[in-house]
Structure formats: structure tokens, C-alpha cells
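Input: a single structure, listed below in C-alpha cells.
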Amino acid sequence: MTEHAVSRLRAARLARSSRPFLARGSRCERCAGCRLLPSYCMCELRPRVQADAGVCLLMHDVEPLKPSNTGWLIADLLPDTFAFGWSRTEVDPALLQLLADPQWQPYVVFPGEYVEPQRVLHSLPTEQTAGKPLFILLDATWSEARKMFRKSPYLEGFPVLSLQPEQLSRYRLRRSKYAEHLCTAEVAGLCLELAGAPRAAAVVEAYLEVFTERYIAAKRAWPLNPRSAAHEALAACIEPAAG
């Protein structure tokens, strides 16, 4: 298993838990690397992508424990992925250190209608006068994310990147009342596209599709199809990098 920011956060969250977290299907044996049932494991398909940008996942309490969490997929793919647990009363000093690091220019990714207009951007500046983009994603349900946004004063000094996706969410592992609400990995893909990393964005999207397909197949005991359209799309994204 390759360790990354989300897997370490998950381990820390489990270590301080007084009782086990029981998500749906959590009683099943799961691969430690991809959180799928072992017979549907996709660890061997995991690529690595490079982008001149980073992602900072600010995760609500149980998100790192959920097998369906897609922040894990971002950390699988993007080396510059950071993950921190969110608390209303405490802030991880390492998070504040990251946000103050001059190599990064943080952007809080959140809908612009919830913030004063002067903070809102719909695209990145054409010339980065500060550091590389660091996209802060609030990894939570929509109601939790709104609370996190309101109760995180250390984020108030940063611009808010308000995405305007042209397509509705295709995420099928959790229900939302709003089709325009994207999952965390979908948001990361859009951010990478804005950061001038279209290949990385395409890999994130394709990797999410394969994970979703295998997750649902495992849940419903469907046979695995490693030559499905989703798998072929992921292979097509990765192959150019090998040349």
C-alpha cells in the first residue's frame, strides 16, 4: 500500500476513535490501498500525474473513513495533495504553516454566491505573481461544507474560486438533492484544468469513473469488466506519458 495524506489522516482518525466506524459495507474485507473488495482491487491501475498545482483537502470528521470518499483518489494521483481534519475549535498548526508557505497561493474552492463579490474569482490569474495554486477543497456533505466555510476564519484572507462547470455531476456513490453539486474528485479535476494541467484533470476524471464502476460492481456482485469504456478511457489517459 502506498501511503499518502488521506491514508495517514485516516489512520490517525482511527487511532483516536473509541469505537469502530461502521459505514455501509464496512464489515467486508477491503483492500487497504484502494478500499475496494480485494477481488475488485484497482491498485495496479493507479497512475501518478504531475501538475504545477496542489490540493489541500480540509476533511470533515468521518470523511477519511468512508470507503466512497473521493478525496482519497486525488491523493492517489497527485503528489502535492495535503489532507487535514476539520474542527470548529482547533486548527492543525501544519495546516496554517502550509497556508503561509510562499511557494503556494491558496484558493478556497466554494460557490461565489456565499461570499462577498470582491473575493470571488471564476478563473485563475493569467500570471501567477505569488506561488503555485493550492486549491482548498472542503471535503464534506454540502450542509457540512457550508458550516466549515463559515466557521474557518483562517480561510477568510484567501480568494474564493467559484467554479462554473458545464456538466452535471456523474458521481453515483452518494445521493445529492442537487445535480450541480460535484464530488470532491470532480472539483479537483476542474481545478487542475484551470491550472493548465488538462492531462492531470483527465486522469482524475477517468480514475474516478473506474473507481465508481468497480465500487458499484462489488456492491452488487457484478462481474468485473477490465475492458469497459471506463477502463479504456483511463488507459488512454495514461499511455501518452509512457512514450
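Entry remark, region 81-113: residues being among the small types (Gly, Ala, Ser), open to solvent by 30 Å² or more (accessible area, probe 1.4 Å) and not in a helix (DSSP H, G or I) number 2 in total.
In region 195-215, the residues that are under 27 Å from Trp104 (Cβ atoms) reach residues that are among the hydroxyl-bearing types (Ser, Thr, Tyr) and open to solvent by 30 Å² or more (accessible area, probe 1.4 Å) with C-beta atoms within less than 9 angstrom, at least six apart or across chains, in these pairs: Leu208/Tyr171. For region 114-168, the set of residues classified as more than 18 Å from the chain's Cα centre (by Cα), open to solvent by 50 Å² or more (accessible area, probe 1.4 Å) and more than 22 Å from Glu193 (Cβ to Cβ) consists of Tyr114, Glu116, Pro117, Gln118, Lys147, Arg150, Lys151, Pro153, Glu156, Gly157, listed by residue number. Within this structure, Pro67 fails the test of being without any contact (Cβ under 8 Å) to a residue 60 or more places away in the chain and out of contact with any Phe, Trp or Tyr (no Cβ under 7 Å at 6 or more places or on another chain). Would you point out the residue of region 71-117, among those that are in contact with a Ser or Thr (Cβ under 6 Å, 6 or more places away or on another chain) and at pLDDT 95 or above, that is nearest to Thr184 (Cα to Cα)? Checked region 71-117; the qualifying residue nearest to Thr184 (Cα to Cα) is Gly71.
The values are calculated or read from the model by the stated rules, or taken from the named source; none is laboratory data. Since the model is a prediction, treat every value here as computed from it, not as a measurement. Reconstructed Cβ throughout: ideal geometry from the backbone, glycine too, with neighbour counts over all protein chains shown. Please note that ligands, DNA and RNA were not included when accessible areas were found on the heavy atoms of the full protein model with its side chains. Shrake-Rupley method; radii C 1.70, N 1.55, O 1.52, S 1.80 Å.
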